[in-house]
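Have a look at the structure below before the remarks.
Each reported figure results from applying straightforward, stated rules to the coordinates on display, with no laboratory input. Please read these numbers as outputs of a predicted model, since none were measured by experiment. Here Cβ is always computed from backbone atoms with ideal geometry, including for glycine, and neighbour counts include all displayed protein chains.
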Amino acid sequence: MVESYTFSALMRQVMEFEKILGEISGKMAEKFPGKKTLRELSEDSRKNVESLEKLVRETVVEMTLEPITGIDLAELTEKFGEMNDGTEPEKIIEACNSLSELYAEISSKVKQMSAETSMYLKKINRKRKRMIQQLEREIIGV
């Protein structure tokens, strides 16, 4: 269901997705020690949460009154809610792709409110896409 979100609420949900992804990829890295990208993904997710927390603190005042509409988090919330220690590596890649798409969508929605925030989210997304490519090479052999 497509809903309307405040910037803070939207970012809190994205940070929750990043935390789940970081925890699961960290545990997966322990199961597959030769897959260094899983460990890097876990660390990258932790850093993204820290960066996003800072971003929210610094930009929340200018975006407080601007609702962000047209984003459907229900499917992502369900997908991330189903992730656990037994999650297959391919599902981690799928979750990364979904989160990457969400970053792109949010970036385009906040561009008019804060170009700086939009650019920062695009930067996170580009980094995440590179990480996805590494994961695909390591895990699937693409």
- Packing-based exposure ordering (other Cβ within 10 Å, fewest first) of E136, E101: E101, E136
- Message: Please compare each pair in K36/K129; K47/K109; K47/K127; K27/K54 to a cut-off of 18 Å on the Cα-Cα distance and tell me which ones are over it.
- Response: K47/K109; K27/K54
- Sorted largest first, the C-alpha extents of the stretch 3-140 along its principal axes in whole angstrom are 46, 25, 21
- Message: Only Cα pairs within less than 10 Å get springs; with that Gaussian network setup on the chain, which residue of L41, L99, L73 has the largest fluctuation?
- Response: L73
- Long-range amide H partners of L73, meaning residues 5 or more apart or on another chain whose placed amide H is closer than 5 Å, are E3
- Query: How far is helix 36-63 tilted off the main Cα axis of the chain, in degrees rounded to 10, range 0 to 90?
  - Reply: 10
- Note on the structure: For the chain, the longest principal axis of the Cα atoms and the Cα long axis of helix 7-31 enclose an angle in degrees, to the nearest 10, of 10
- Sort S108, S100 so the one with the fewest other Cβ atoms within 10 Å of its own Cβ comes first. S108, S100
- Report, in whole Å, the centroid distance computed from the Cα atoms of the stretch 1-34 and the stretch 69-120. 8
- Mind sorting V14, V49 by how few other Cβ atoms lie within 10 Å of their own Cβ, fewest first? V49, V14
